[in-house]
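> One structure follows; several queries about it will come next.
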Amino acid sequence: MKNITFFEPVFQPAFCHWLLDQAREGYRKGTGYDASNQDWDPRITRGSTRIRVRNLDGVAEKLILSLLRDRGAIDNQPHGAMLFAGETGSFIFWHNDAMYGGATTVYLNERWEEDWGGQFLYREAKDAEPISILPRFNSGLRNSAALDHRTLPVTQLAPEPRFSLQVFAIKE
């Protein structure tokens, strides 16, 4: 497997809009987002504001994982899917996903501008120049467990949180 693979589009547009609606509705109502980056390793979250995490119910998660497998965005090993809402000032420092065996991200916001921050950066080697990916609706990426990556802070210019679908491989 390459260290990073890109997908666009990931889902049928109507399904991706449905996911975005689920993310927004739960965020506005304050329901479902019962975890956050405040419980993560402080080496990657120190100084960040909250990234809210919403675990998906079994039916939605099974459907999403099935669609991602059909698309080739994940393999057949077990995975967990959740929605992330990155609030103003939220980011993640350099890390890899070795503890999970890799991850897949699908960007949900219909519009996202460079000045709003939240870009995904990755590098193939510690001394390599980082490559920046701007979140785009219904685009996604799968990163290997070894790929160093981070996100830039979401700025105050962003009109809403940076919504994404995050899927992590579960090591058995």
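The values are calculated or read from the model by the stated rules, or taken from the named source; none is laboratory data. None of these values were measured; they are calculated from a predicted model. Glycine gets a Cβ as well: all are built from the backbone with ideal geometry, and neighbour counts include every protein chain shown. With ligands, DNA and RNA removed, areas are computed over all heavy atoms of the protein, side chains included. Shrake-Rupley method; radii C 1.70, N 1.55, O 1.52, S 1.80 Å.
> At what distance in nm do the modelled label points of residue 170 and residue 75 sit from each other, each positioned 7 Å from its Cα along Cα→Cβ?
If labels sit at residue 170 and residue 75, their model points lie 1.7 nm apart.
> Right, something else. Counting other Cβ atoms within 10 Å, keep those with at most 16, restrict to DSSP loop, and tell me which GluC sites (Glu not before Pro) in region 55-127 are left.
Hits after loop and neighbour filter: 110, 113, 124.
> If you don't mind, there's one more thing I want to ask. Residue separation times 0.36 nm, minus the C-alpha to C-alpha distance between residue 49 and residue 18: what's the value?
Once the chain is fully extended between residue 49 and residue 18, it gains 8.5 nm.
> Let me ask something else about it. Counting each DSSP H run of 4 or more residues in the chain as -39500 (n - 2.57), what helix-only mean residue ellipticity at 222 nm follows after dividing by all residues, to the nearest 500 deg cm²/dmol?
Theoretical 222 nm ellipticity from helices: -6500 deg cm²/dmol.
> What lysines could a cross-link reach from residue 29, if we take a straight Cα to Cα line under 27 Å and drop same-chain neighbours fewer than 8 places away?
List returned: 62.
> Determine, from the Cβ-Cβ distance of residue 67 and residue 2 and an R0 of 25 Å, the FRET efficiency 1/(1 + (r/R0)^6), rounded to the nearest 0.05.
In this case the efficiency is close to 0.70.
> For region 67-170, which whole-number percentage of the solvent-accessible area (1.4 Å probe, protein heavy atoms only) is attributable to carbon and sulfur atoms?
Summing carbon and sulfur atoms, their accessible area is 52 percent of the total for region 67-170.
> Under a 1.4 Å probe, what is the accessible area of region 101-172 per residue, stated in Å²?
Spelled out: the 1.4 Å probe surface of region 101-172, per residue, equals 45 Å².
> A further question on this structure: Hey, got a sec? Which trypsin sites (Lys or Arg not before Pro) in region 6-86 land in a DSSP loop and have at most 14 other Cβ atoms within 10 Å?
Here the trypsin sites (Lys or Arg not before Pro) that fit, given the DSSP loop and packing criteria, are 46.
> Right, here's the next one. Which listed residue (91, 102, 55) has the Cα farthest towards the positive end of the charge dipole for the chain, taking +1 on Lys and Arg C-beta and -1 on Asp and Glu C-beta about the Cα centre?
Farthest towards the positive pole: 55.
> So, one more: Using a 7 Å offset from the Cα along the Cα-to-Cβ direction at both residue 125 and residue 155, what is the distance between the two label points in nm, to one decimal?
3.2
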